[in-house]
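Structure first, commentary second.
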Amino acid sequence: MKAPFNEVISGFVSLLTGMGITLGQLFRPIVTVQYPHQTLTMPKRFRGHILLKKEPTTGKSTCVACDLCVKACPSDCILVEGEKKPGEKRKSVTLFELDYTKCSLCGACVEVCPVDALEYSRAYNLASTSKQEYKVMDLVKRLEDSKHP
Amino acid sequence: MIIPEPFRLLTSLLAVAGFIGANAAYLVWVERKAAAWFQRRAGPTEVGWGGLLQPLADAIKLMSKQIIVPPGTDRLLFCLAPVLIMVPAAMCFAVLPFSAALVPRDINVSLLMVFAFGSLNVIAVMLAGWSSRNKYAIISAARVVSQNVAYEIPMLLVVITVLMVSRTMNLTEIVAKQAGGFWHWNVFNLAANPLMPVTFVIFFICMLAETNRAPFDMAEAESELVAGVFTEYAGMGFGVFFMAEYANIVAGCAMATILFLGGWHSPIGLWPGVWWFLLKMYFLIFTVIWVRWTFPRTQFYGLLNLSWKILIPLSLFTLVLTSGLLKIFGR
Amino acid sequence: MLKVLDTSHSTGPQETFVLNLGPQHPATHGVLRVKLTMDGEFITNAEIVCGYIHREHEKMGENRKWDQFLPNTSRIDYLSAMMYTHAYVAVVEKAAGIQVPRRAEYVRVLTSEMNRITSHLLWWGAFLIDLGGLTPMLYAFDDREMVLDLLEALTGARLTFCYYRFGGLCDDVTDDFLTGTRKFVKHFRPRLKIFRRLVTDNIIVRKRLEDLGHVPAEMCRKYGATGPMIRGAGVAYDVRRAEPYSVYPELEFDIPTQPAGDNMARYLVRMAEMEQSLRIIEQTLDKMPDGPFMAKVPRILRPPAGDYVFAVESARGRFEVRVVSSGKEIPHRVRLRSPCFCNLSVFEEACRGMLLADALALMGSIDLVIPDIDR
Ligand code: SF4
Ligand code: SF4
């Protein structure tokens, strides 16, 4: 006879406890980021899409168009072309296209590069109205356009 | 001051319609904000300052949407259901005493009328579910009907308890009898019945169930039945159900305030007036929201168990107790 | 009150209807479809239709080099990405005979357990949403974000970590990460208490979970259900102990079990597992050895021909990778045994005779990740 009463009472108490907890949370600060007004800075190791690094002295890429990254990429999304300019010992890159629609952001290309020519971008809120923009990302052009060293 | 009757009718009609409209719109905003704060989010912030124009934007969006009547539905009933749910909810407001002077219609069976209209909304939900021709909607409608029938009983038993204590069916008089300090309110009227706070809790729970609010939101049950009876409604059809939900909550909380919390009376005997009524009512509404954002949904049979095995015996017991006490000590 | 309908001896023809649950239903957490035959609100039969997001990961494994399959491993069960990568790198290390430095093993265990916590937190929130409570999800995400932030700073990604490499890790752990993890452990224990008071003790939750959705140990064995499913049926089967791998033998932790086999048992097992994961995390932090984080691995991997198997305990149960090498640069066969598929197959039998709402609670307590079912 006593058990049902106890259950009703303990059940009611458990409900009140729950309400107490949510009320406590009501007065605590907001934890979400108000996205378009606030953005986050990505950590150093953040893996965005890849970029060609800029060599600080020359302002050019160090890529030697060795095609290792092309071979390493599991998703087949890199296209590299290079040529040997007269008077230079190694090839230098003339075309570096990334198909970002297929890239799985795995980092195989960055890790395999013998001259450390690739880095990750820290952009995480990319958007575009045309697929083409990400289908072919010309990284050489991006490098030339980029202002910062 | 005597206001000529047709004029008075018109003003009270407009005032009630405006009150319901404003409440339905802004309670959505309050609910969204409160839900966000309970969950430590920011809630609507974009439209207007603090998202204050959000209800307006929502209304425009809902109204501009096409109202789709799926093929194979019972067209008439399908379109009638939203109207049928809104009307009784609005009717209740016609007799609610906001303060001693502020009563749209002061009739002597107002208590009866509120509950008579209040129990109509189940029919609308059932029609909506039935005419939608959607399995989820029908399951949900069946649930809602048995739920509302089950909760009507303890609710009315509790109301009868209050009725016996105040010996009138006129809501204005029920409030008038609770004048002078919070210890005169029905909820603390321990002399008439030592279980009065319990009856209040029963009333509140039944009110949640009657208005299909979480944790008894069998009508919507979004994680089980997609959107329950509202699954097939689009645009303003859904919008009206949404508004009716809030109108019902306001009516329910207003009734709780009138029956148990002394209506417009001040807890300390000072400055009685409509503000006390609104304050108490909105506190109850906040509690309704608070409950929703704290608890998961009950099971369907758990809910019936609660009604038949706990609430009905308990409310019967309080009813008998009150009548016994009234008989012995008289008044 | 009738909770379970006895469907075994029905009288005469029943009027039933088919309810199509999914592929886009809020309770299936993805594109899973269940065809339910219903008698009123009681389920008389359930038929699972899966494969909507089948991507053929196994075949993908067979047409790329060993290391090119690594990114795939975190996309099968995206909630236990670390454990899945662990299984794959470990099986290839086993095949190629690579010795992994101890520091790397410790970091693997540490990050795997953090991953387990995030996975269980997500399950907890999503499960409560199945039950109709929306707020706990946000509280769970609050804490989950902390772990994800730590892991993001460490690995560069929030979900598809792809942090392990054959022979070690792709990068060493930072001090910031270690101190951040310590802080998280301190922060999270009281939070678990709040969760318990808010949800576990709640009468509505208890009524919805207790004594419903029985999956006894026998049924688990029949279908190969593992993880919290079988531990919730009272069997202390955990790959971390049954087939010890990595540095788990050096660490102290319990295998939480519950004898009841109902929804609540599975719920409690997962809640207790989070506490055990915290214990493991603390121990790995204390014992973290110095040294290299990567072994010497040949650039082009050609594991000797053979058939290799390695299993790990993912957040959902036993995940097993079997690779067959023919001594080439490319695996001959990659086979993935995913826990969700087996766990889900229990559903058809277990939900028979249950009410719809209870069956959905049962489905939630199985903790489904649809890409893991479909692979
Ligand atoms: S990150 Fe991976 S998928 Fe993307 S380009 Fe590099 S190797 Fe290819
Ligand atoms: S980016 Fe590196 S790996 Fe790729 S082609 Fe250039 S040098 Fe070779």
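The values are calculated or read from the model by the stated rules, or taken from the named source; none is laboratory data. In this text the structure is predicted, and so the values were computed from the model without any measurement. Positions of Cβ are backbone-derived with ideal geometry, glycine not excepted, and every protein chain shown enters the neighbour counts.
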Exercise. Taking the range B:87-106 as the search range and keeping residues that are at pLDDT 80 or above and in a loop (DSSP other than H, G, I, E, B), which one is farthest from the chain's Cα centre (by Cα)?
Worked result: B:Pro97
For this session: Please tell me if B:Phe241 is closer than 25 Å to C:Gln24 by Cα, of a type in the set (Phe, Trp, Tyr) and more than 14 Å from chain C (Cβ to nearest Cβ).
Result: yes
Problem set entry | From the options B:Pro154, B:Pro215, B:Pro194, residue that is under 19 Å from the mean Cα position of the chain (by Cα) and not in a helix (DSSP H, G or I) | B:Pro215
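Conditions (1) among the basic types (Lys, Arg); (2) more than 11 Å from chain A (Cβ to nearest Cβ); (3) touching an Asp or Glu at 6+ places or on another chain (Cβ under 7 Å), marked per residue:
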{"residue": "C:Asp142", "(1), (2), (3)": "no, no, no"}
{"residue": "C:Leu151", "(1), (2), (3)": "no, no, no"}
{"residue": "C:Arg158", "(1), (2), (3)": "yes, no, yes"}
{"residue": "C:Tyr163", "(1), (2), (3)": "no, no, no"}
{"residue": "C:Thr174", "(1), (2), (3)": "no, no, no"}
{"residue": "C:Phe177", "(1), (2), (3)": "no, no, no"}
{"residue": "C:Val199", "(1), (2), (3)": "no, no, no"}
{"residue": "C:Ile204", "(1), (2), (3)": "no, no, no"}
{"residue": "C:His214", "(1), (2), (3)": "no, yes, yes"}
For this session: Mind listing just one residue for me: the one in the range A:55-90 that is surrounded by fewer than 19 Cβ atoms within 10 Å (Cβ to Cβ) and within 20 Å of the chain's Cα centre (by Cα) and, of those, nearest to ligand 2 (Cβ to nearest atom)?
Result: A:Val70
Exercise. Scanning the range A:96-118 for residues that are of a type in the set (Asp, Glu) and away from chain C (no Cβ under 13 Å), which turns out nearest to ligand 1 (Cβ to nearest atom)?
Worked result: A:Asp99
Exercise. Can you spot a residue in the range A:40-50 that is within 11 Å of chain C (Cβ to nearest Cβ) and in contact with a His (Cβ under 9 Å, 6 or more places away or on another chain)?
Worked result: no
Exercise. In the range A:64-83, is there at least one residue being closer than 15 Å to A:Glu144 by Cβ and β-branched (Val, Ile, Thr)?
Worked result: no
Exercise. Restricting to the range C:312-360, what's the tally of residues that are more than 30 Å from B:Glu224 (Cβ to Cβ) and within 14 Å of another protein chain (Cβ to nearest Cβ)?
Worked result: 4
Seminar exercise, completed: Over the range A:108-129, the set of residues within 27 Å of C:Met60 (Cβ to Cβ), out of contact with any strand residue (DSSP E or B) (no Cβ under 7 Å at 6 or more places or on another chain) and away from ligand 2 (no atom under 12 Å from the Cβ) is A:Tyr124, A:Leu126
For this session: Give C:Pro249, C:Pro256 a once-over and let me know the one that is surrounded by fewer than 17 Cβ atoms within 10 Å (Cβ to Cβ), at pLDDT 85 or above and of a type outside the set (A, V, I, L, M).
Result: C:Pro249
Exercise. Out of all the residues in the range C:103-126, is one or more within 14 Å of chain B (Cβ to nearest Cβ) and not aromatic (Phe, Trp, Tyr)?
Worked result: yes
Exercise. Scanning for something in a helix (DSSP H, G or I) and closer than 23 Å to B:Gly252 by Cα, does the range B:51-60 turn up at least one residue?
Worked result: yes
Exercise. For the range C:73-90, how many residues are buried (at least 24 other Cβ atoms within 10 Å of the Cβ) and either more than 16 Å from the chain's Cα centre (by Cα) or among the hydroxyl-bearing types (Ser, Thr, Tyr) (or both)?
Worked result: 7
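Conditions (1) surrounded by 12 or more Cβ atoms within 10 Å (Cβ to Cβ); (2) at pLDDT below 85; (3) in contact with a strand residue (DSSP E or B) (Cβ under 6 Å, 6 or more places away or on another chain), marked per residue:
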{"residue": "C:Pro13", "(1), (2), (3)": "no, yes, no"}
{"residue": "C:Met38", "(1), (2), (3)": "yes, yes, yes"}
{"residue": "C:Cys50", "(1), (2), (3)": "yes, yes, no"}
{"residue": "C:Glu56", "(1), (2), (3)": "no, no, no"}
Exercise. Has the range A:47-59 got at least one residue that is under 30 Å from B:Arg40 (Cβ atoms) and within 16 Å of ligand 1 (Cβ to nearest atom)?
Worked result: yes
Exercise. On the given criteria, is A:Val93 of a type in the set (Val, Ile, Thr), away from chain C (no Cβ under 14 Å), within 10 Å of ligand 2 (Cβ to nearest atom) and in contact with a Phe, Trp or Tyr (Cβ under 6 Å, 6 or more places away or on another chain)?
Worked result: no
Exercise. Taking A:Ala65 and the conditions (1) within 16 Å of ligand 1 (Cβ to nearest atom); (2) within 13 Å of chain C (Cβ to nearest Cβ); (3) at pLDDT below 85, which numbered condition does it fall short on, given that it satisfies the others?
Worked result: (2)
Exercise. Given the residues B:Ile68, B:Ile60, B:Ile20, which is the only one that is within 29 Å of B:Phe117 (Cα to Cα) and surrounded by fewer than 14 Cβ atoms within 10 Å (Cβ to Cβ)?
Worked result: B:Ile68
Problem set entry | The one condition in (1) touching a helix residue (DSSP H, G or I) at 6+ places or on another chain (Cβ under 6 Å); (2) of a type in the set (S, T, N, Q); (3) within 12 Å of another protein chain (Cβ to nearest Cβ); (4) surrounded by fewer than 23 Cβ atoms within 10 Å (Cβ to Cβ) that B:Thr318 fails to fulfil | (3)
Seminar exercise, completed: Within the range C:86-125, residues out of contact with any Ser or Thr (no Cβ under 7 Å at 6 or more places or on another chain) and among the small types (Gly, Ala, Ser) come out as C:Ala87, C:Ala90, C:Ala96, C:Gly97, C:Ala104, C:Ser112, C:Gly125
For this session: Considering each of B:Gly262, B:Gly239 in turn, give the residue that is under 30 Å from B:Leu56 (Cβ atoms) and modelled with pLDDT under 85.
Result: B:Gly239
Seminar exercise, completed: For the range A:75-92, pairs from a residue that is within 16 Å of ligand 1 (Cβ to nearest atom) to a residue that is of a type in the set (Phe, Trp, Tyr), with Cβ under 7 Å and 6 or more apart or across chains, are A:Val80/A:Phe96
For this session: Determine whether B:Val83 is modelled with pLDDT of 85 or more, hydrophobic (A, V, I, L, M, F, W, C) and within 25 Å of B:Ala141 (Cβ to Cβ).
Result: no
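Table: residues versus (1) of a type in the set (Asp, Glu); (2) within 14 Å of another protein chain (Cβ to nearest Cβ).
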position: B:Val145; (1), (2): no, yes
position: B:Glu152; (1), (2): yes, no
position: B:Thr161; (1), (2): no, no
position: B:Met169; (1), (2): no, no
position: B:Gly181; (1), (2): no, no
Problem set entry | Boolean, A:Arg28 is within 27 Å of the chain's Cα centre (by Cα), among the basic types (Lys, Arg) and at pLDDT 80 or above | no
Problem set entry | Criterion (of a type outside the set (A, V, I, L, M), more than 14 Å from chain C (Cβ to nearest Cβ), away from ligand 1 (no atom under 16 Å from the Cβ) and over 24 Å from C:Asn72 (Cβ atoms)) met by exactly one of A:Lys131, A:Lys141 | A:Lys141
Exercise. Listed residues B:Thr287, B:Thr211, B:Thr298, B:Thr294; which is more than 14 Å from chain C (Cβ to nearest Cβ) and buried (at least 22 other Cβ atoms within 10 Å of the Cβ)?
Worked result: B:Thr211
